[in-house]
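Before any comments, here is the structure.
The values are calculated or read from the model by the stated rules, or taken from the named source; none is laboratory data. Just so it is clear, the model here is predicted, and its values are computed rather than measured. Because the Cβ atoms are built from the backbone with ideal geometry, glycine has one as well, and the counts that use them run over all protein chains shown. Just the protein is used for accessible areas: all its heavy atoms, side chains included, with ligands, DNA and RNA removed. Shrake-Rupley method; radii C 1.70, N 1.55, O 1.52, S 1.80 Å.
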Amino acid sequence: MRLIVHDLANHDYDAWLSGFSRDTDEVIGESGTIRHCVGCFGCWVRTPGTCVLKDPYKHMGERLAACDEFVLISRNVYGGYSPFVSNVLNRSLPYVLPYFVIQDGETHHQQRYKQRFKFSVHFYGEGITEAERHTAQALTRANAKNLDASHYSVSFHNTLHELTEVQP
């Protein structure tokens, strides 16, 4: 199963997502109210693996653990994700444990789940600068490492039309 998180308007993502299976893929778009992570760490202490905030995003850790591929489609915002996509990633904190390990001289969270997935990020927006591309690539690499992705890729699209031409 692919887990697809996007910030596109409904009419914009229909063409791009037509290559995905509605039966086996889960699509999360900016269609409902998502509460912001408050940094309480309740997902580690009070309700391990589940966010304490009561909204449709409280089980993001389990959703990640169930996917084979995690796809993000985001407007490029100064080399980072859009506010919605960033918020969904923040709410995915229950996917990892509160304990740390050293990997390649860097500190990372221990994994809660054994499942590994491919991680694909599609940034779109006109006029993405080289500095923004570099920042976005570094961010994607860091997220892939923190999520223990088996493989990751990042691509850039100047327009939504260009994005819809990419085969999923």
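Would you call L93 of a type in the set (A, V, I, L, M) and touching a strand residue (DSSP E or B) at 6+ places or on another chain (Cβ under 8 Å)?
Details: of a type in the set (A, V, I, L, M): yes; touching a strand residue (DSSP E or B) at 6+ places or on another chain (Cβ under 8 Å): no.
No; evaluated as a whole, the condition is false for this residue.
For the range 87-112, which positions are open to solvent by 60 Å² or more (accessible area, probe 1.4 Å) and outside any helix (DSSP H, G or I)?
First, pick out the residues of the range 87-112 that are open to solvent by 60 Å² or more (accessible area, probe 1.4 Å): 90, 99-100, 102-107, 110, 112.
The answer is Y99, F100, I102, Q103, D104, G105, E106, T107, Q110, R112.
When you go through (1) of a type outside the set (A, V, I, L, M); (2) in a strand (DSSP E or B); (3) buried (at least 17 other Cβ atoms within 10 Å of the Cβ) one by one for K58, which number turns out not to apply?
(2)
If a residue has to be surrounded by 15 or more Cβ atoms within 10 Å (Cβ to Cβ) and on the phi < 0 side of the Ramachandran plot to count, how many in the range 142-153 make the cut? Spell out the reasoning first.
Our first condition is that a residue be surrounded by 15 or more Cβ atoms within 10 Å (Cβ to Cβ); within the range 142-153, this holds for 143-149, 152.
With the extra rule that they be on the phi < 0 side of the Ramachandran plot, the set shrinks to 143-147, 149, 152.
Number satisfying all stated conditions: 7.
Hey, among V5, V45, which residue is in contact with a strand residue (DSSP E or B) (Cβ under 7 Å, 6 or more places away or on another chain) and either open to solvent by 20 Å² or more (accessible area, probe 1.4 Å) or part of a strand (DSSP E or B) (or both)? Can you show your working first?
On the way: V45 fails: in contact with a strand residue (DSSP E or B) (Cβ under 7 Å, 6 or more places away or on another chain).
Checking each option against the conditions leaves just V5.
Can you tell which of R116, R63 is open to solvent by 30 Å² or more (accessible area, probe 1.4 Å), over 26 Å from H157 (Cα atoms) and assigned to a helix (DSSP H, G or I)?
On the way: R116 fails: assigned to a helix (DSSP H, G or I).
That would be R63, the only listed residue that is open to solvent by 30 Å² or more (accessible area, probe 1.4 Å), over 26 Å from H157 (Cα atoms) and assigned to a helix (DSSP H, G or I).
Regarding the range 126-135, can at least one residue be identified that is among the small types (G, A, S), at pLDDT 95 or above and surrounded by fewer than 19 Cβ atoms within 10 Å (Cβ to Cβ)? Show your work before the answer.
At the first step, the residues of the range 126-135 found to be among the small types (G, A, S) are 127, 131.
Then keep just the ones that are at pLDDT 95 or above; that gives 131.
Now narrow it down to the ones that are surrounded by fewer than 19 Cβ atoms within 10 Å (Cβ to Cβ): 131.
Yes, the range 126-135 has at least one match.
Kindly evaluate V121 against the criterion of being within 29 Å of V52 (Cα to Cα), open to solvent by less than 20 Å² (accessible area, probe 1.4 Å) and in a helix (DSSP H, G or I). Show your work before the answer.
Values: within 29 Å of V52 (Cα to Cα): yes; open to solvent by less than 20 Å² (accessible area, probe 1.4 Å): yes; in a helix (DSSP H, G or I): no.
No, not satisfied.
Any residue that is surrounded by fewer than 11 Cβ atoms within 10 Å (Cβ to Cβ) and modelled with pLDDT of 90 or more - is there at least one of those in the range 23-34?
no
Does the range 3-10 contain any residue that is modelled with pLDDT under 95, more than 24 Å from S155 (Cα to Cα) and not aliphatic (A, V, I, L, M)?
Within the range 3-10, none of the residues are modelled with pLDDT under 95, more than 24 Å from S155 (Cα to Cα) and not aliphatic (A, V, I, L, M).
Of the residues that sit in the range 66-86 and are part of a loop (DSSP other than H, G, I, E, B) and touching a helix residue (DSSP H, G or I) at 6+ places or on another chain (Cβ under 9 Å), which one is least open to solvent (accessible area, probe 1.4 Å)? Let's see the steps before the verdict.
If we filter the range 66-86 for residues that are part of a loop (DSSP other than H, G, I, E, B), which is where we start, we get 66-68, 76, 78-79, 81-82.
If we keep only those that are touching a helix residue (DSSP H, G or I) at 6+ places or on another chain (Cβ under 9 Å) as well, we get 76, 78-79, 81.
Details: N76: 21, Y78: 189, G79: 1, Y81: 25 Å².
Among them, the one singled out is G79.
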